[in-house]
1. Determine, from the Cβ-Cβ distance of L248 and D29 and an R0 of 30 Å, the FRET efficiency 1/(1 + (r/R0)^6), rounded to the nearest 0.05.
2. Suppose every Lys and Arg Cβ carries +1 and every Asp and Glu Cβ carries -1, with no other charges. What dipole size does the chain come out with about its Cα centre, to the nearest 20 debye?
3. Which residues in the range 36-61 place their backbone N less than 11 Å from a point set 7 Å from the Cα of K135 along the Cα-to-Cβ direction?
4. Among the lysines, which have Cα under 26 Å from the Cα of K254 when same-chain residues fewer than 8 positions away are ignored?
5. Check F96: other-chain or 5+ apart residues with amide H under 5 Å from its amide H, H built from backbone geometry?
6. Which ³J(HN,Hα) values in Hz, rounded to whole numbers, follow from the phi angles of the range 26-35 under the Karplus curve 6.51 cos²θ - 1.76 cosθ + 1.60, where θ = phi - 60° and Gly and Pro get x?
7. Which residues in the range 138-172 have a backbone N closer than 14 Å to a point placed 7 Å from the Cα of D77 along the Cα-to-Cβ line?
8. If you take every DSSP beta bridge whose two residues both sit in the range 161-342, what share of them, in percent to the nearest 5, is antiparallel?
Amino acid sequence: MELLCIQSQEHPELPLAELKAVMECEDIDAEIEKVTEGLVILKDIPDDKLDEYYEILTRRLGYTHEVHQILARTDVDNLDEDVSKIDWAEWIDENFAVRVKRFNSQIDTVGTERHIGTLILDNTERIRVNLSKPKSLVRVVAHQNDLYVAIEKIKLNKKHFEDSKPHKRPFFYPGSMNPKLARCMVNLSRVKAGELLLDPFCGTGGILIEAGLIGCKVVGSDVYWKMKNGTAINLDYYGITDYRTFHLDVRELKMYEKVSSVVTDPPYGISTSTGDVDGEGIFEEFFHAIYDNMRDDAYLCMASPHYIDLKPMVDEVGFKIVEQYGIKMHKSLTRIISVIRKNLD
Ligand SMILES: C[S@@+](CC[C@H](N)C(=O)[O-])C[C@H]1O[C@@H](n2cnc3c(N)ncnc32)[C@H](O)[C@@H]1O
């Protein structure tokens, strides 16, 4: 069985990297076929695992917009025959809409939607079209001459990423990253529901909100009491209950329990205060402070500006960088997202 993922194209690598990280930590056994940027198929999924995988992916992913079960792979010449072969009564609940999305394809979107809708109606009884509020969505993806006919069984909560933008939270302070990137970083850290995730520069709690929403236990600390308090206000607002917050300098960090994951956005530049440490110093001190608080198999995912070279710092402490991605913010700043582990070799 196959799942089709329609991904964000706002970054060339992060959406796929996030998907791979989730598959790795959730033991999702499937082959990845990248059709083109923004379109990925998970193949060879065991029948009895499909619904479980589907639920995990839709609950966790930030940079994936839609996940569908593929019912047929076809092309323009074989479309009628292949669509008619599908037992639509099994997939459609009362009413439906067909929506076509194109990737490098010239296909007539509206015409194809109407055509497939008619084919489905011709092959079923008591099923109606409902374009405004369909109970079932038939998603057809056209890529060059190929067509993927699929059904949406679980909708991703895209609205959440709009509703949780920093300025919409009860406690706001400038400098919080956008929630999709925060979710992606949580996922890159390979953490699972029920495990403990720490952000020792928690600020307004943007990263902890995303981790809490996928079911992690979360801990946040910040050198400023106001931030620690604001994080708690925001976590309460999003219904996250399994959390603790501390008012402390990262250099004094001594966790009550080793954590499974650290995801963080340390301060840099003139707009974010670093207590009394300057520039790169806080990064070095952070690596030293965090090492013993992490389990040996834990991952650290962090953001940093391109002009700070993390490599010598992580080497010195005994970490290793396993993945890095650049996000161009503006002409003179690229943000680097690094995935780091203990180097136990
Ligand atoms: C870039 S902000 C983090 C933003 C956060 N991800 C959010 O969603 O709001 C960095 C945070 O680190 C805190 N900070 C600065 N120096 C610190 C230190 N020495 N120990 C702990 N926290 C510190 C700042 O107060 C600030 O809230």
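1. Working: r = 41 Å, r/R0 = 1.38.
Given R0 = 30 Å and the Cβ-Cβ separation, E is 0.15.
2. Working: 43 positive and 58 negative charges, 268 e Å.
The dipole magnitude comes to about 1280 debye.
3. none
4. Those lysines meeting the cut-off are K192, K217, K226, K228, K311, K320, K342.
5. R128, V129, N130, K135, S136
6. Values, residue by residue: 9, 6, 7, 9, 7, 8, 9, 10, 8, 6 Hz.
7. 145-147
8. On the way: 17 of 33 bridges.
Counting only bridges with both partners in the range 161-342, antiparallel ones make up about 50 percent.
Any read-out appearing in this document is the output of simple, stated calculations on the displayed coordinates, not a laboratory observation. Predicted model only: the values in this text are computed from it and were never measured. Cβ coordinates were reconstructed from backbone atoms using ideal geometry, including for glycine residues, and neighbour counts include every protein chain displayed.
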